[in-house]
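Following: one structure in structure tokens, then a few remarks.
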Amino acid sequence: TEAVLHFSKLSSALFLRTLKMYLLEGAGVFLAVSPIIAIVPYMKKSYWLALALAEIYSFAGLFMSMSNVLKTFYPITAVFGVSGYYDTSIQNRICNAVVLLLSACLAVILLVGLNRSQKGKTHDKEII
């Protein structure tokens, strides 16, 4: 709505920078919460517990953003460093990206482990 109301004051550079920030934040938040998404199948129908865990995880980001060190290494706040919302150095931006990639790797490891355990259960049922 801002673009419609103030179109004459909207430059293409501002639009592209904001679009980049928006897209990076969306992808980054997915990477940051992907370990929680991957933990849900291990909890066996404890969806409310997973929701509470996700809320606590994201709410803790408010407190982590108060410290420069924690802001760099906590996945939820690392998203804002990668996207450009926080003004950070190149070194911190690289650390933020590594933290998000580690979150994604953790989610992949959890999902692969779940897949292996389900295949083992299916294999055991076929043998019996």
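Of note:
- Ellipsoid equivalent to region 44-85 - semi-axes via the Cα gyration tensor, in Å: 25, 10, 7
- Net lengthening on full extension, VAL108/LEU49 (0.36 nm per residue, minus Cα-Cα): 19.1 nm
- Only Cα sites of region 65-104 enter the Debye sum here, all with the same form factor; the resulting log10 I(q)/I(0) across q = 0.31 1/Å is -1.06, listed in q order.
- Residue among SER89, THR72, TYR22 farthest towards the positive dipole end of region 9-98, charges placed on Cβ: TYR22
- Seen from all directions on average, the chain presents a Cα convex hull projection of 11.1 nm².
- The residues of the chain present an accessible area of 73 Å² per residue when probed at 1.4 Å with all protein chains retained.
- For region 24-94, the Kirkwood hydrodynamic radius comes to 12.8 Å, computed from all pairs of different C-alpha atoms.
- Carbon plus sulfur fraction of accessible area for the chain, probe 1.4 Å, in percent: 71
- Segment MET21-ASP87, extension gain: residue separation times 0.36 nm, minus the distance between their alpha carbons: 22.5 nm
The values are calculated or read from the model by the stated rules, or taken from the named source; none is laboratory data. Computed from a predicted structure; not experimentally measured. For neighbour counting, all protein chains shown are included, and Cβ atoms are generated from backbone atoms with ideal geometry for every residue, glycine included. Calculation scope for accessible area: heavy atoms of the full protein, side chains included, ligands and nucleic acids excluded. Shrake-Rupley method; radii C 1.70, N 1.55, O 1.52, S 1.80 Å.
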